[in-house]
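Readers should treat all values here as calculations from the given coordinates under stated rules, not as data from a laboratory. All values reported here derive from a predicted model rather than from experimental measurement. Every residue, glycine as well, gets a Cβ built from its backbone with ideal geometry; the counts of neighbours run over all protein chains shown.
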Amino acid sequence: MLNIGDILEEKYRITGLLGKGGTGHVYLAENIRLGNEWAVKEVGLGGEVRADILEESEILRKLNHHSIPRIVDIIEHENFLYLIEDYFAGVNLKELIKAREDCSEADVIRWAKQLCEILIYLHSIKPNPIIYRDMKPGNIIIDNENNAKLIDLGIAREYKEDQDSDTAYIGTRGYAAPEQYSGANQTDERTDVYGLGAALYHAVTGANPNEPPYRIVPVRQNNKSLSKDIERIIAKCTQNDPGLRYQNVNELLTDLNNMHRFNSAANAVGSTVYTSLPAKLVVIGSLSPRAGSSFITANLAAAVAARNVSSAVIESPVNFPYFYDALFIREKTNGSDVFVENGISWIASDPTQFSIKNWTYDNMMKLIYSVKHTSIVLLDVSTFWVHSSVQPILGQADNIILVVDPDPVLLDRTMKIDYEGLGIGEECIPQESRTIELLKECKNRGSCDIDIIVNKYTGFVEKYQLCLPFNPLVYLPHIDPVEVYKALWEGSLLYSNPDFKTIFDEGFSPIIEKLVPAKYFSFKHSIRGSFLERVKAAYKLLKGEDKGVSI
């Protein structure tokens, strides 16, 4: 055990005791050289405990989230192992509840949404999601800005699809879900839903489920001033049967975001009800400037919403502000961050309000988490594939879509020249070639699906002549620019025009079949024949057979 004033590795001076538990102590330390503060977790070097703490360190090494502590050092000293982690200044929620007896519903809802975002991040880790398994007030820090942070991943584990059950059944009584002790099945996302519900119960009622009578009752039995919405949400989280709980944290976050406004299981806009599905992140970008990634993103979102599935569109702030200007979002948002219309949540940042020079991965993730309650999130990165805020996200995406302009000169320059073999310097290699290499690396890692949409396709260049690295999934026919500009002038999407809706539905159907489960997919093909024939027919329909065609 360490004492105040002790120094570890001639680097960290112990300045205080933050807490203690069953496995050891947690200290506050100061880096002697830099003057910054760190949390130091002390654990005895017994065999099993040592293995557990090393497993925790391996889990933490994989993570990069502003509300989860990073591990920066591991030190063995005498008979103890010390993990040096980020220190979150604030108060432990367990102590906060003791001081207040209970917390305000507004604060608890705020913290619940932030904890949902953290769990969504953990559950999205690939290839094996991280199941936290120990959500309780003692592991939640409320920082000086009233934001929730999550600490102590000591019993977190990776969810593996080929594993029937957990190897150990542990947790904190009152907060742990029943399946953590039964051993019948392995714990999954619903286990963390239960733990979060139990923690919220403790926060709003002041009644500790870890103390007799060790049960959770409807919260309004403890506090009549609480809303029926929070009572319903906590009750659904803490069902003993996992099948009766929220099936993932995205569903829970949807209800929290829609409290007092919407029905619990859906995001209602007007008279339309948008179905809640497990969230998917789709990154869409262009191979070359003007290929049309923003055009594809906007109209694909509309096609998804037309199937009553909620979607969100994020325009990366490093892009030229296409959506912000084209859809009159400046006028429609009145300064808010999200504009919702016809089942689509639009995040198109005002380019006049901040500098994009230092836009980071964390900035981008905050935008994504702000709409994680929607079923499909479409992130438009334009041609900025290699930007530092975009590259790390590619490994977390469920789908990557590359939009290609079938310009034969551009494709010849990109696909048919071996720049490396010719000894051409990196600075002289076209951006398009670097993008292709980056996506090939993503493909080789197998972290997600990569699909190509050939935009402005005329049907007169066979696909084998395009020489693309992956077979295109969609060929969207060339559309008269006059019609595109007319829609832009009106601030509307071309998909809303019945004359073009069918063309988009036909073209996007392979992508939508991948993104939306079959039971939600109601589109029926109306033009018979091969898809290539339908593209040619659509092109002739748009341009008129007597006007000729050019690439």
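Brief remarks follow.
- Rounded FRET efficiency, nearest 0.05, which uses the C-beta distance separating GLU145 from GLU9 and R0 of 35 Å: 0.65
- Counting neighbouring beta carbons within 10 Å and listing from fewest to most, the residues GLU37, GLU506 come out as GLU37, GLU506.
- Using C-alpha pairs under 8 Å with a sequence gap of at least 6, the mean separation divided by the residue count of region 90-264 gives a relative contact order of 23 percent.
- Most to least packed among 448-456, 6-14 [average Cβ atoms within 10 Å]: 448-456, 6-14
- For region 77-159, the C-alpha radius of gyration sits at 1.23 times the compact-globule guess of 2.2 N^0.38 Å, with N the residue count.
- Cα centroid separation, region 195-256 to region 472-491 (Å): 48 Å
- Computed label-point distance, nm, for sites SER388 and ARG434 using a 7 Å Cα→Cβ extension: 1.4 nm
- With 0.36 nm allotted per residue and the present C-alpha distance subtracted, the ARG220-MET1 stretch has 74.4 nm of extension available.
- Theoretical FRET efficiency, 1/(1+(r/R0)^6), r = Cβ-Cβ of VAL72 and GLU441, R0 45 Å, to 0.05: 0.95
- Mean Cβ neighbour count within 10 Å, used as a protection proxy, ranking 292-300, 73-81, 229-237, 487-495 highest first: 292-300, 229-237, 487-495, 73-81
- Projecting the Cα atoms of MET259, LEU115, PRO178 onto the dipole axis of region 90-264, where Lys and Arg carry +1 and Asp and Glu carry -1 at the beta carbon, places MET259 farthest toward the positive end.
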